[in-house]
1. Considering segment 26-40 alone, what residues qualify as being open to solvent by 60 Å² or more (accessible area, probe 1.4 Å) and on the phi < 0 side of the Ramachandran plot?
Amino acid sequence: MQTLETAWNFIQNEILGMHWLNRLIGSFLNACGIDATGKIGGTVQFFIYDIIKIMVLLGVLIFIIYLPPCLEQ
């Protein structure tokens, strides 16, 4: 049961929550010389992360909505 809970937490946090993307953007900002833990760096990190996450979620939503009519033809 513990293994199932661990697997679900991984899926929920890393895949659905996109925590990997947040860490990747933080690493990129640090490589560019911007402190991701500061106010401005944190704001930039959140802005980039949120834009990418929203675009991915909208893309999935649009794909789900428009795929069934395309399959009927």
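1. Result: Ser27, Phe28, Asn30, Ala31, Cys32, Ile34, Asp35, Thr37, Lys39, Ile40.
Residue-by-condition table, conditions (1) free of Cβ contacts under 8 Å to residues at least 24 places away in the same chain; (2) surrounded by 11 or more Cβ atoms within 10 Å (Cβ to Cβ):
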position	(1), (2)
Asn13	yes, yes
Leu24	yes, yes
Gly42	yes, yes
Val56	no, yes
Leu61	yes, no
Leu71	yes, no
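The values are calculated or read from the model by the stated rules, or taken from the named source; none is laboratory data. If you're wondering where the values come from, they're calculated on a predicted model, not measured in any experiment. Please note: Cβ atoms are built from the backbone with ideal geometry, for glycine as well, and neighbour counts cover all protein chains shown. In case anyone asks, the SASA skips ligands and DNA or RNA and just uses the protein heavy atoms, side chains included. Shrake-Rupley method; radii C 1.70, N 1.55, O 1.52, S 1.80 Å.
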